[in-house]
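The values are calculated or read from the model by the stated rules, or taken from the named source; none is laboratory data. Keep in mind that this is a model prediction, so the values were computed, not measured. Heads up, the Cβs are rebuilt from the backbone with ideal geometry, glycines too, and the neighbour counts pull from every protein chain shown.
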Amino acid sequence: MKFVDAHIHLSDEEYSQCINEIIAEAKSSNIVALVSNSMNLETSITSLKLTEQYSETVYAALGIHPWNVNALSGTELQQTLELISKQRQNKALIAIGEIGLDQKYANMWDKQLMVFDEMLHLAEELDLPVIIHSRGTTTKIVEMLPSYNLKKVLLHWFSNPISALEKVVEDGYYITEGPPVAYSNGIREVVRKTPLTNLLTETDGPVRFFKQPFNGKRTTPAFIPTVVKAIAEIKNMDVAEVAEQIIKNFEEFFGVKLN
Ligand SMILES: [Zn+2]
């Protein structure tokens, strides 16, 4: 069986000292693709470096996360947009992400909207898929997106409102789910209601998961087989069949062929 981690922050400081170990662990767990999602200019540059260093398995999603909009230096937004444009021919660049809106940081709402809009326009222009953070903002985002001409949309760690899920699926969007699928009733309900063809797996590492079976251990892509097993149980399907469909979804969503 082969697996994918479509959303991990490999460029995070926390992984910098143990990146060889993380990649080796991923390989020995049959994780054939990792998408290094970025938070700002600096982590976008690091993500690109990681795709060179670990070209067999690491792909990059570049962008500015809503949490980072206030900390942007004067030219950082422009520099990030230019970096992404310049890398368009780089086969390792497969998405714009992590971008989005977060209700928790409502005090920087206008700036979040401005940066998100810039990133969505760039995704349109470059014809790249987008990976979206939508905490507390799913309804608003789902309303906004049809006014852009986007190639493909992925809502990462989709949790609520469950009532928005129907439209998400109808619009052909994908969602990613990760370790909480093993213990959260809410996330299990989301997985139950999402067609397998719209689903991808993630860890969102280095975010830690304190419930069983993860118990606050350092998050690694090696958690993915547990996630796939939990999805198979919910869907009442064979694990190998689920793993195979998720590989297909990854290839379809990002437009890459995996080995
Ligand atoms: Zn993330």
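Go through the residues of region 204-217 one by one and say whether even a single one is of a type in the set (S, T, N, Q) and closer than 13 Å to residue 174 by Cα.
no
Taking residue 182, is it crowded, with 16+ Cβ neighbours inside 10 Å, away from the ligand (no atom under 16 Å from the Cβ), touching a residue at least 40 places away in the same chain (Cβ under 8 Å) and within 17 Å of residue 30 (Cα to Cα)?
No.
Can you tell me how many residues within region 203-226 are assigned to a helix (DSSP H, G or I) and among the aromatic types (Phe, Trp, Tyr)?
1
Quick test of your reading of the structure: residue 15 fulfils all but one of (1) assigned to a helix (DSSP H, G or I); (2) in contact (Cβ under 8 Å) with a residue 60 or more places away in the chain; (3) in contact with a Leu (Cβ under 8 Å, 6 or more places away or on another chain); (4) within 16 Å of the ligand (Cβ to nearest atom). Name the failing condition by number.
(3)
In this structure, is residue 155 within 18 Å of residue 191 (Cα to Cα), free of Cβ contacts under 8 Å to residues at least 40 places away in the same chain, surrounded by 18 or more Cβ atoms within 10 Å (Cβ to Cβ) and of a type in the set (A, V, I, L, M)?
The answer is yes for residue 155.
Filter region 35-49 down to the residues that are among the aliphatic types (A, V, I, L, M) and either at pLDDT below 95 or under 16 Å from residue 75 (Cα atoms) (or both), then identify the one that is surrounded by the fewest Cβ atoms within 10 Å (Cβ to Cβ).
45
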